[in-house]
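First up is the structure itself, then whatever we jot down about it.
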Amino acid sequence: MLYAAELRRELAEYSRDYAAREQIPYLESYGGTPIFFPFAGERRHGNFLDASYRAILKRPAWSARMEKPHTGKGKHLPAHAEGRRWRELDSAMSSDALLMNVFCCPGGVNWEAAGMPGAGALPEFGFKARVPLAGGRADRTEVDLKLGGMFIEAKLTESDFQAKPPGLVERYRDLEEVLEIKRLPRAGGCIVSYQLVRNVLAAHASGASLCVLLDARRPDLIAKAGELFACVRHAELKTRCKLLTWQELSTVLPPRLRRFLAAKYGI
């Protein structure tokens with residue numbers, strides 16, 4: 001929790017400085033989080049690199065992702081002067097916004113240099129993976145990004161990967177085949193890193209690779225991801241699961257995107 005709180009504080013400072021330098025309008029939540037919104041006739045958005053935002057507006061599937069409602073209610077967020085409803089990707093802390101900034105930017109990622117099998121694939125945000133449950137049904141697991149044969153789970157300031165009671169986790173059809181159940185990390189009677197359990201099961205069921213994108217300033221989440229990956233039974237599936245930091249990914253991005261990430265996120 002301390003790492004998450006410190007990163008939230010740091011990102012808020014970066015966002016305020018970036019907005020002041022670029023003359024970008026924003027408001028703050030009552031908790032001190034910068035909240036951005038479209039401006040300049042809806043052609044720009046303060047939370048996005050201009051090139052990425054233009055690309056998002058051109059694709060209905062991407063722009064629809066921008067409509068995810070903000071989970072904070074009126075008591076947490078100020079009213080917009082024009083009555084706009086706040087969206088999740090308006091927040092300076094949004095990992096989805098960071099993900100779209102990177103993967104929607106034209107010519108954004110050098111896939112070969114990044115060691116990621118994404119060349120030529122069109123990003124699909126909020127992909128419904130439908131992980132098999134016992135009894136022939138499937139759950140509603142949503143993968144942050146599907147890029148060809150790779151699933152990407154992105155995190156930034158989230159406190160953890162969620163913890164759930166064993167009964168909820170054990171309903172998955174392939175759990176025992178894929179993961180060493182007795183080794184799964186637990187706390188307070190719950191299985192922790194529930195989101196990653198679902199991600200690994202989704203990768204197994206689809207024959208996909210899995211990449212977990214984290215910030216290097218979150219050693220707590222990096223450790224949790226490594227702990228969960230160590231529970232994967234099969235070596236072949238383990239090789240398809242990788243951990244990557246935003247900082248590492250930034251080294252294979254074009255200069256304009258690197259400058260934006262450095263100025264707005266400190267990446």
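What the table below lists for this structure:
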| read-out | value |
| --- | --- |
| Given charges at Cβ of Lys, Arg, Asp, Glu: the chain dipole, positive-most of G188, A203, Y265 | A203 |
| With Cα atoms, 0 to 90° folded angle of helix 255-265 axis to the chain main axis | 90 degrees |
| Using θ = phi - 60° and Karplus 6.51 cos²θ - 1.76 cosθ + 1.60, couplings along segment 166-175 (whole Hz; Gly, Pro as x) | x, x, 6, 6, 6, 7, 7, 4, 9, 4 |
| Residues whose placed amide H lies under 5 Å from that of L145, excluding near-sequence neighbours | G126, F127, I152 |
| Karplus-derived HN-Hα couplings along segment 35-51 (A = 6.51, B = -1.76, C = 1.60, θ = phi - 60°), whole Hz, x at Gly and Pro | 10, 9, 7, x, 8, 6, x, 6, 7, 10, 9, x, 8, 9, 4, 3, 5 |
| Rounded if a/c under 1.5, otherwise prolate or oblate - the chain, Cα gyration tensor axes | prolate |
| Sequence-distant residues sharing a close amide H with R59 (under 5 Å, placed H) | none |
| Cα-based helix-to-principal-axis angle, 2-22 vs the chain, degrees rounded to 10 | 30 degrees |
| Segment 208-267: chymotrypsin sites (Phe, Trp or Tyr not before Pro) in DSSP coil with no more than 14 other Cβ atoms inside 10 Å | none |
| Distance from segment 183-241 to segment 145-172 (C-alpha centre basis), Å | 8 Å |
| Student exercise, the chain dipole from Lys, Arg, Asp, Glu Cβ charges, in Debye to nearest 20 | 400 debye |
| The chain - percent relative contact order, Cα under 8 Å, separation 6 or more | 18 percent |
| Calculated from backbone phi, Karplus (6.51, -1.76, 1.60) coupling profile of segment 157-162 in Hz, x at Gly/Pro | 9, 4, 6, 6, 9, 6 |
| Low-density loop cleavage sites - trypsin sites (Lys or Arg not before Pro) in segment 15-84, where at most 12 other Cβ are within 10 Å (DSSP) | R43, K73, K75, R84 |
| Prolate/oblate/rounded label for segment 112-249 (Cα gyration tensor, a/c 1.5) | oblate |
| Range in the chain, longest, excluding exposed GluC sites (Glu not before Pro) [loop by DSSP; at most 10 other beta-carbon atoms within 10 Å] | 83-267 |
| Of the trypsin sites (Lys or Arg not before Pro) in segment 141-176, those whose Cβ has at most 16 other Cβ within 10 Å and which sit in DSSP loop | R171 |
| For I267, residues with placed amide H under 5 Å, excluding near neighbours | A262 |
| Rounded tilt (10° steps) of 194-206 against the dominant C-alpha axis of the chain | 70 degrees |
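Each reported figure results from applying straightforward, stated rules to the coordinates on display, with no laboratory input. Bear in mind that the values here come from a model prediction, so they are computed numbers and not experimental data. When we count neighbours, we look across all protein chains shown, and the Cβ atoms used for this are built from the backbone with ideal geometry, even at glycine.
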